[in-house]
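> My questions will all concern the structure given below.
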Amino acid sequence: MEARISIITLGVQDLERSYRFYREGLGFPTTRKPEQGIIFFQTGGVCLALYPHDKLAEDVAPGFPKARSRFSGVTLAHNTRRKEEVDEILKAAEKAGGKIEKPAQPASWGGYSGYFSDPDGYLWEVAWASDWTFHEDGSLVIT
């Protein structure tokens, strides 16, 4: 697994309010709007995403607990260059002591992804999409 983080997603209660805070309050750059359902901010190498908290929990697994004690509203993402890497990384994570929360499978957004939690319970999505491209430094190109 390449040592990088592609996207940090924050589960938020009010997407419009959070968009205004990051876009207008902090000046984070984006081409997205709240009505698109998810906001991506391109930062130095890592993308920060805002997504409704309940929908983020549901993406991990149907019926996944939404209470913040188990699901904090934050996931980390590692985006791959090849589809096969998703399964390879999930297997490596499990072998290293992680827990598979959602096996790799076709995703509702058209890609392929799965989730694992590290030994402390922090959630990582490992994902691939055919139309993704990467900068030289390995960071994901967000459009």
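The values are calculated or read from the model by the stated rules, or taken from the named source; none is laboratory data. Bear in mind that the values here come from a model prediction, so they are computed numbers and not experimental data. FYI the Cβ positions are ideal-geometry reconstructions off the backbone, even for glycines, and counts take in every protein chain you see.
> Scan segment 75-93 and give yes if some residue there is free of Cβ contacts under 8 Å to residues at least 24 places away in the same chain and hydroxyl-bearing (Ser, Thr, Tyr), otherwise no.
No, the conditions are met nowhere in segment 75-93.
> Taking the condition over 22 Å from Lys99 (Cα atoms) and part of a strand (DSSP E or B), does Leu76 pass?
Numbers: over 22 Å from Lys99 (Cα atoms): no; part of a strand (DSSP E or B): yes.
No, not satisfied.
> Additional query: Name the residue, out of Val60, Val86, that is modelled with pLDDT of 90 or more, surrounded by 16 or more Cβ atoms within 10 Å (Cβ to Cβ), more than 15 Å from Thr143 (Cα to Cα) and of a type in the set (A, V, I, L, M, F, W, C). It would help to see each step written out before you state the result.
Working: Val60 fails: modelled with pLDDT of 90 or more.
Only one candidate qualifies: Val86.
> What pairs come out if I take residues in segment 26-48 that are in contact (Cβ under 8 Å) with a residue 60 or more places away in the chain and within 21 Å of Asn79 (Cα to Cα) and pair them with residues that are among the aromatic types (Phe, Trp, Tyr) and surrounded by 14 or more Cβ atoms within 10 Å (Cβ to Cβ) whose C-beta lies under 7 Å away, six or more apart or interchain?
Partner pairs satisfying both residue conditions: Cys47/Phe40; Cys47/Phe41.
> Test Ala57 against the stated conditions and say whether it is out of contact with any strand residue (DSSP E or B) (no Cβ under 8 Å at 6 or more places or on another chain) and aliphatic (A, V, I, L, M). I'd like the intermediate steps shown before the answer.
Numbers: out of contact with any strand residue (DSSP E or B) (no Cβ under 8 Å at 6 or more places or on another chain): no; aliphatic (A, V, I, L, M): yes.
Here the answer is no, as Ala57 does not meet what is asked.
> Also: Being within 26 Å of Leu15 (Cβ to Cβ), touching a strand residue (DSSP E or B) at 6+ places or on another chain (Cβ under 6 Å) and without any contact (Cβ under 8 Å) to a residue 60 or more places away in the chain narrows it down to one residue among Tyr115, Tyr122; which is it? Spell out the reasoning first.
Numbers: Tyr122 fails: touching a strand residue (DSSP E or B) at 6+ places or on another chain (Cβ under 6 Å).
Tyr115 is the lone residue from the list that is within 26 Å of Leu15 (Cβ to Cβ), touching a strand residue (DSSP E or B) at 6+ places or on another chain (Cβ under 6 Å) and without any contact (Cβ under 8 Å) to a residue 60 or more places away in the chain.
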